[in-house]
Amino acid sequence: MIRKLVHLGFINIGTDRLEHVEATKVQTTNLVSVVTCVVALLYALYFLLSLNQTSVAAINLVFVACYGVGLLFSHKRFYRGAKVWFFTVLMAHVYLFSVHTFGVGAGFHFYYLIITPGVFLLFNENDRVEKFVFSLAGGILFYLCSEAGGTTPIISLDGQSERQLFYSVIYVTMIETYFIMALLSHNIDLYQKELKALAATDALTGINNRRMFMSIGEELFENAKRYQHPMSLLLLDIDYFKKINDVHGHLVGDEALKQVAATLKANLRASDSLARYGGEEFVVVLPETDIASALAVAENLRHAISAIQIELPGEAALTFTVSIGAAEKTPDTPCLMGLLTCADNALYRAKETGRNKVINHGQDEEADLAFS
């Protein structure tokens, strides 16, 4: 339900140009403002139709407009101002109706109980002053309203109407508490996913990083070993990458890494596991693939990467090649690192015998020389 609400247009006011996590905070603020507008509007209709209190309904409509102003703050990118405005209007609204309009018996002061979870939901971690001030103010105002029983309200309700209003406040408070907890749970789930993605993804290329490769690769290796299925591994290294950085700069080098990653991803199966292993090295795990098929895949990747062209201002487009080491799991391969070591040895031989080639770990050195 929360995910569906997020897709509504008014929820996204002011979220353009924001990173995903920050945008979620603003979306939450907008959503809470709109929900509060709806609740205040329903109360206005209740005051008008059930209690026949036109003036009170009109005052409530003014507060509906005030809550709506928070969306204008978000639109103007005054994000902290939108939150401060919302809680200020809410506390003023509750105080007016608790003490001066209906009296403490109507129970409006119970809305102060959701101030503290609300501020922790909406304000950022570094907004400590705002969280403390509004939490403290909510507690103080709750006490003052509870002790204001001797104040004569503007509108005196009969016992039944006061009980109905009191119960409505309690039920709405419970619903809003559930709503706040649901939003908190949604945000926590979102942040956990973001953290997992950051921990598993290479920031530059957007593919899996070395840590994630080890986790996925070990699982694939154990499955292949258990069920005696074929599995191969490719280790790729961009030829003369240091020279690219030295001659053209690190930005061009970064672009080369990103395009290699994109090319590899586009030419692999969904079941294959691709990762940036480190520096200019990439690793590919090919489950259900014997060495003959793995070498064919490696040759395809080598040709695809050699076709990459990086446009340079005032110069010819930059092209480059890769060397690839391939290895297949055998009954003697003890673990994923053992398979990776075999591929690394094959990659070293590819580098030593001319680069821009694919070498199979099971291929003898004489064949390497003949191939070069």
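Hey, got the dipole for the chain? About the Cα centre, +1 on K and R Cβ, -1 on D and E Cβ, debye to the nearest 20? Display every interim value, and only then the final one.
Numbers: 29 positive and 37 negative charges, 273 e Å.
My answer is approximately 1300 debye.
The alpha carbons of region 272-367 give a radius of gyration and a Dmax of 14.7, 54 Å, in that order. Here the alpha carbons of region 134-260 define both size measures, Rg and Dmax, at 30.8, 87 Å. Placing unit charges on each Cβ (+1 for Lys and Arg, -1 for Asp and Glu) gives region 1-107 a dipole about its Cα centre, and among T36, V89, G14 the Cα reaching farthest toward its positive end belongs to G14. The dipole here belongs to region 173-240: it is taken about the Cα centre, uses +1 on the Cβ of Lys and Arg and -1 on the Cβ of Asp and Glu, and is about 200 debye. With the whole protein complex present, H75 retains an accessible surface near 110 Å², based on a 1.4 Å probe. L96 contributes an accessible area of around 50 Å² to the protein surface, as traced by a 1.4 Å probe with all chains present. Going by accessible surface with a 1.4 Å probe and the largest first, V84, V34, V283 read V84, V34, V283. Taking M337, M231, M174 and ordering them by how much accessible surface each has at a 1.4 Å probe, largest first, produces M174, M337, M231.
Given in Å, the Rg to one decimal and the Dmax to the nearest whole number for the Cα atoms of the chain are 31.9, 102. Computed over the alpha-carbon atoms, region 36-167 gives an Rg to Rh ratio of 0.99, Rh here being the Kirkwood radius from the mean inverse distance. Here region 76-158 is assigned +1 on the Cβ of each Lys and Arg and -1 on the Cβ of each Asp and Glu. Its dipole about the Cα centre then comes out at about 440 debye. The fraction of accessible area contributed by carbon and sulfur in region 264-357 is 51 percent, rounded to a whole number (1.4 Å probe; ligands and nucleic acids excluded). When the chain is described by a simple charge dipole with +1 on each Lys and Arg Cβ and -1 on each Asp and Glu Cβ, the residue from L157, G138, P313 located farthest towards its positive end is L157. The figure for R77 is an accessible area of roughly 90 square angstrom, using a 1.4 Å probe on the protein chains alone. Surface composition of region 112-228: carbon and sulfur make up 60 percent of the accessible area, probe 1.4 Å. Farthest toward the positive end of the dipole of the chain, out of V285, F47, V322, is the Cα of F47, where the dipole comes from beta carbon charges about the Cα centre. Contact order for the chain, expressed relative to its length and based on alpha carbon pairs under 8 Å spaced 6+ residues apart, stands at 11 percent.
The values are calculated or read from the model by the stated rules, or taken from the named source; none is laboratory data. Bear in mind that the values here come from a model prediction, so they are computed numbers and not experimental data. Cβ sites come from the backbone with ideal geometry, for glycine too, and all protein chains shown count toward neighbours. Surface accessibility is based on the protein's heavy atoms, side chains included, excluding ligands, DNA and RNA. Shrake-Rupley method; radii C 1.70, N 1.55, O 1.52, S 1.80 Å.
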